[in-house]
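Everything below concerns the one structure shown next.
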Amino acid sequence: MKKQLFKLGYILIPLLFTVVSCKEENGEVGMKIQPQDELLNTLFFDTATVEAYSVWHDDSIVTNGVSSNMLGYMNDPVFGKVQAGFYVQCRLASFGAQFGEGAVSDSLILTLVYNQPYGDTLSPFRVRVYELQEDLVRGKKYYANTSLQYDAENLVDESLLTWVYPTPGVKDTALGAVVLHIPLKTSFADSKFISKSNSVEFQSTAAFVNYFKGLYVIADYCQGDGNIISVNLTNDNSLLTMYYHNNESAQKTYRFVISDSSVRVGYVNHFDYQDADADLQSQLQGNTASATERLFFQTGLGVKTIVRFPYIQEMFKNKRVIIHRAELVATRMDDSDTNKYKVPSSLLVNYYDTVKKYLVTVPDYTLGSDYFGGVYNKKTDEYRIRITKQLQYMLDGGVNAEELNMFITAAATRMSRMVIYGTQPSAGEDKRFRLEVHYSLLQDKK
């Protein structure tokens with residue numbers, strides 16, 4: 001969804017800088033490379049104007065080939081409704097299946113290994129399963145808003161399964177994993193599989209996936225607040241199993257596997273945030289005034305925050321500067337429902353390279369997680385994200401970026417959300433979203 005961007009009405013008169021401390025920052029990047037005779041002192045400021053506002057994640061969230069796919073439905077009190085599911089390709093466990101004379105299916109079970117339930121696990125969601133009518137193409141990029149064609153019949157046997165209640169930590173004794181068993185209609189098993197015993201459709205993978213293109217698994221409703229789980233489709237215990245009997249045997253089994261070679265595509269629907277908090281809706285519609293108070297984040301095809309420093313280059317115009325440490329500081333707002341909505345473990349930052357025309361992770365991230373940071377600190381309720389090299393490159397003209405994107409990690413694989421204080425919150429200066437910079441000015445050579 002393309003949104004019109006508006007300048008903030010509260011833009012501050014830029015302060016060149018405010019000296020708060022003059023201590024050395026030993027061991028920082030800049031101190032190691034600058035000549036000591038050029039060093040004036042180490043200065044600090046956190047008063048640079050920061051423009052920040054929440055926007056939609058665009059369609060750059062690729063959801064095929066990821067480690068996990070989301071499944072569930074939520075009525076979030078802040079972010080509104082969210083629906084999650086996936087498209088998955090099943091493959092043959094063996095070629096040339098022969099089900100025997102008089103074969104009839106007894107059950108057809110879709111087993112899914114899952115973890116990381118998010119939301120209220122006592123508030124169930126309803127799941128639907130459909131047969132795909134469109135090919136899943138290996139090597140093609142699919143995104144979180146991908147919509148594929150599927151047959152209208154719901155394949156779930158609702159006489160056996162009505163609601164899904166996640167049971168985190170409760171393992172299936174036979175499989176040794178936390179799993180969801182979804183019973184499908186035996187009529188589908190008979191018509192789709194049993195009827196094709198010893199047929200050309202079971203002679204090769206290519207023939208089979210052309211015949212049976214896969215399944216669309218989606219949650220379509222929840223009771224109460226609901227929840228969303230992360231499904232590990234490539235786990236050996238995630239598969240489709242048909243139990244059947246024939247004239248010679250009372251119990252036989254045939255498995256359709258989901259392997260690394262199976263195409264798997266995640267799907268997330270936020271319903272245009274129609275039921276979301278008014279401030280979030282306002283920011284997504286381009287009115288960024290509320291961003292002074294609150295900023296929003298959500299995974300899936302959800303919400304990220306745009307960050308700009310409109311006057312940072314003017315602050316150091318005609319100056320030789322070394323950036324020792326630059327950090328974005330984000331403080332989480334209190335949330336009484338942290339048991340339901342767990343605090344995201346970390347945040348990431350990237351930028352759109354205006355020359356290369358694609359998203360690039362900030363260079364500080366390549367120096368390792370200990371250096372980069374971005375991890376939630378429970379004691380301070382803060383995330384501190386190191387962008388030292390990024391800022392230095394921007395000031396030196398080496399990065400073709402006009403803005404940064406800040407978002408929750410694992411945006412395609414698990415549900416998460418958060419609200420942080422904005423750039424000028426009523427809660428006070430110490431809570432505001434800000435840029436902290438330690439730097440030195442160098443003397444010009446004579």
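The values are calculated or read from the model by the stated rules, or taken from the named source; none is laboratory data. Note that the structure is predicted; figures quoted are calculated from it, not measured. Here the Cβ positions follow ideal geometry from the backbone for every residue, glycine too, while neighbour counts run over all protein chains shown.
I'm trying to understand the selection: among the residues of segment 51-97, which are small (Gly, Ala, Ser) and more than 15 Å from the chain's Cα centre (by Cα)? Spell out how you get there, then give the answer.
Here is the first cut: in segment 51-97, the ones small (Gly, Ala, Ser) are 52, 54, 60, 65, 67-68, 72, 80, 84-85, 93-94, 96-97.
Within segment 51-97, Ala52, Ser54, Gly80, Ala93, Ser94, Gly96, Ala97 meet the criteria.
Residues in segment 239-253 that are under 36 Å from the mean Cα position of the chain (by Cα) and over 18 Å from Asp157 (Cβ atoms): none. For Thr331, the criteria (1) closer than 30 Å to Asp120 by Cα; (2) modelled with pLDDT under 95 hold in every case but one, which is (2).
Quick check on this structure: which one of Thr338, Thr380, Thr366 is over 30 Å from Val82 (Cβ atoms), surrounded by fewer than 13 Cβ atoms within 10 Å (Cβ to Cβ), of a type outside the set (Asp, Glu) and under 25 Å from the mean Cα position of the chain (by Cα)? Give the derivation first.
Values: Thr338 fails: over 30 Å from Val82 (Cβ atoms); Thr380 fails: over 30 Å from Val82 (Cβ atoms).
Checking each option against the conditions leaves just Thr366.
Given the criteria more than 26 Å from Ala144 (Cα to Cα), modelled with pLDDT of 90 or more and more than 19 Å from the chain's Cα centre (by Cα), does Glu314 qualify?
On the way: more than 26 Å from Ala144 (Cα to Cα): yes; modelled with pLDDT of 90 or more: no; more than 19 Å from the chain's Cα centre (by Cα): yes.
No, not satisfied.
Annotation: Lys342 fulfils all but one of (1) of a type outside the set (S, T, N, Q); (2) in a loop (DSSP other than H, G, I, E, B); (3) at pLDDT 95 or above; (4) under 30 Å from Leu233 (Cα atoms); the unmet one is (3).
Considering every residue within segment 102-110, establish whether at least one is modelled with pLDDT of 95 or more, closer than 24 Å to Arg417 by Cβ and not assigned by TED's automatic domain parsing to the domain that holds Ala411. Looking through segment 102-110, none of the residues is modelled with pLDDT of 95 or more, closer than 24 Å to Arg417 by Cβ and not assigned by TED's automatic domain parsing to the domain that holds Ala411. Filtering segment 136-165 to residues that are aliphatic (A, V, I, L, M) and in contact with a helix residue (DSSP H, G or I) (Cβ under 9 Å, 6 or more places away or on another chain) leaves Leu136, Leu155.
With respect to Tyr221, is the statement that it is touching a residue at least 60 places away in the same chain (Cβ under 8 Å), among the hydroxyl-bearing types (Ser, Thr, Tyr) and surrounded by fewer than 16 Cβ atoms within 10 Å (Cβ to Cβ) true? It is true that Tyr221 is touching a residue at least 60 places away in the same chain (Cβ under 8 Å), among the hydroxyl-bearing types (Ser, Thr, Tyr) and surrounded by fewer than 16 Cβ atoms within 10 Å (Cβ to Cβ).
Have a look at Asp260, Asp236, Asp275 and point out the one that is out of contact with any Phe, Trp or Tyr (no Cβ under 6 Å at 6 or more places or on another chain), under 28 Å from Tyr421 (Cα atoms) and of a type in the set (D, E, K, R). Of the residues listed, the single one that is out of contact with any Phe, Trp or Tyr (no Cβ under 6 Å at 6 or more places or on another chain), under 28 Å from Tyr421 (Cα atoms) and of a type in the set (D, E, K, R) is Asp275. Being assigned to a strand (DSSP E or B) and touching a residue at least 24 places away in the same chain (Cβ under 8 Å) is a property that Gln116 has.
Among the residues of segment 275-329, write down those that are of a type in the set (Lys, Arg) and either touching a strand residue (DSSP E or B) at 6+ places or on another chain (Cβ under 7 Å) or not assigned by TED's automatic domain parsing to the domain that holds Asp381 (or both). Show your work before the answer.
We begin by selecting, within segment 275-329, every residue of a type in the set (Lys, Arg); these are 294, 304, 308, 317, 319-320, 325.
Selection gives Arg294, Lys304, Arg308, Lys319, Arg320, Arg325.
Of all residues in segment 150-179 being assigned to a loop (DSSP other than H, G, I, E, B) and of a type in the set (Gly, Ala, Ser), which is nearest to Gly226 (Cα to Cα)? Break it down into steps so the answer makes sense when it comes.
So in segment 150-179, the residues assigned to a loop (DSSP other than H, G, I, E, B) come out as 151-155, 157-163, 165-171, 173-176, 178.
Right, trim to of a type in the set (Gly, Ala, Ser) and you get 152, 159, 169, 174, 176.
Details: Ala152: 25, Ser159: 22, Gly169: 18, Ala174: 28, Gly176: 26 Å.
Ranking the candidates gives Gly169 first.
Which residues, taken from segment 317-334, are among the charged types (D, E, K, R) and part of a strand (DSSP E or B)? Let's see the steps before the verdict.
Taking segment 317-334 and keeping what is among the charged types (D, E, K, R), we get 317, 319-320, 325, 327, 332, 334.
Selection gives Arg325, Glu327, Arg332.
The set of residues from segment 39-97 being closer than 17 Å to Val231 by Cβ, in contact with a Leu (Cβ under 8 Å, 6 or more places away or on another chain), part of a strand (DSSP E or B) and small (Gly, Ala, Ser) comprises Ala84, Gly85. Return yes when Lys81 is more than 26 Å from Phe193 (Cα to Cα), in contact (Cβ under 8 Å) with a residue 40 or more places away in the chain and loosely packed, with under 15 Cβ neighbours inside 10 Å and no when it is not. In short, no.
If you check Ala278 against the conditions, is it more than 17 Å from the chain's Cα centre (by Cα), over 28 Å from His181 (Cβ atoms) and at pLDDT 95 or above? Against the criterion (more than 17 Å from the chain's Cα centre (by Cα), over 28 Å from His181 (Cβ atoms) and at pLDDT 95 or above), Ala278 qualifies. For segment 408-425, the candidate set comprises residues that are more than 11 Å from Arg332 (Cα to Cα) and touching a helix residue (DSSP H, G or I) at 6+ places or on another chain (Cβ under 9 Å); within that set, the residue that is surrounded by the fewest Cβ atoms within 10 Å (Cβ to Cβ) is Gln424. Among the residues of segment 345-363, the one identified as surrounded by 19 or more Cβ atoms within 10 Å (Cβ to Cβ) and assigned to a loop (DSSP other than H, G, I, E, B) is Val362.
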